[in-house]
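Q: Before I ask anything, here is the structure I am working with.
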């Protein structure tokens, strides 16, 4: 009986002893699909392009810790008219001024929307919101999803 008790105590001690976690695999950020290229000719695709970039930034903050890294990554997916627009900025890539477009994500994003976004996006979204109706026998979750999608394009809805 004493031998069984000693064995049990040994097993219990092993079970509660601190474990060496140095052999545990490190967390690896899951890879994500790169954004589709944006050529500046289809304004309705700009928001999706920006959202894809932002998902990647939030998924991998260690690599996208600065506005400059975010802007330079995003510019690699600009083609066509949008690519031609960014070329002069890229020719001055060594400019480290924080207000320079390549070093300022909010400015870069704002310029993309100003130059290539739909100037009537808010008005169209407001119209969609006015026309939004829940279909008979429709699911509330679908209505809410549509509603949230529309108000995300309006911006500061409370104003």
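The values are calculated or read from the model by the stated rules, or taken from the named source; none is laboratory data. All figures in this text were calculated on a predicted structure; none of them were measured in a lab. For neighbour counting, all protein chains shown are included, and Cβ atoms are generated from backbone atoms with ideal geometry for every residue, glycine included.
Every residue, every condition in (1) within 24 Å of residue 153 (Cα to Cα); (2) in contact (Cβ under 8 Å) with a residue 24 or more places away in the chain; (3) part of a helix (DSSP H, G or I), yes or no:
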residue: 57; (1), (2), (3): yes, no, yes
residue: 71; (1), (2), (3): yes, yes, yes
residue: 89; (1), (2), (3): no, no, yes
residue: 93; (1), (2), (3): no, no, no
residue: 115; (1), (2), (3): yes, yes, yes
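Q: Among 133, 148, which is the only one that is out of contact with any helix residue (DSSP H, G or I) (no Cβ under 8 Å at 6 or more places or on another chain) and outside any helix (DSSP H, G or I)? Steps first, please.
A: On the way: 148 fails: outside any helix (DSSP H, G or I).
Answer to the selection: 133.
Q: Listed residues 97, 146; which is at pLDDT below 90, more than 24 Å from residue 39 (Cα to Cα) and surrounded by 13 or more Cβ atoms within 10 Å (Cβ to Cβ)? Even if it seems obvious, please write down each step before you answer.
A: Numbers: 97 fails: surrounded by 13 or more Cβ atoms within 10 Å (Cβ to Cβ).
Among 97, 146, only 146 is at pLDDT below 90, more than 24 Å from residue 39 (Cα to Cα) and surrounded by 13 or more Cβ atoms within 10 Å (Cβ to Cβ).
Q: Being within 16 Å of the chain's Cα centre (by Cα) and either without any contact (Cβ under 8 Å) to a residue 60 or more places away in the chain or under 24 Å from residue 152 (Cα atoms) (or both) narrows it down to one of 125, 43, 82, 34, so name that one.
A: Details: 125 fails: within 16 Å of the chain's Cα centre (by Cα); 43 fails: within 16 Å of the chain's Cα centre (by Cα); 82 fails: within 16 Å of the chain's Cα centre (by Cα).
Residue meeting the stated conditions: 34.
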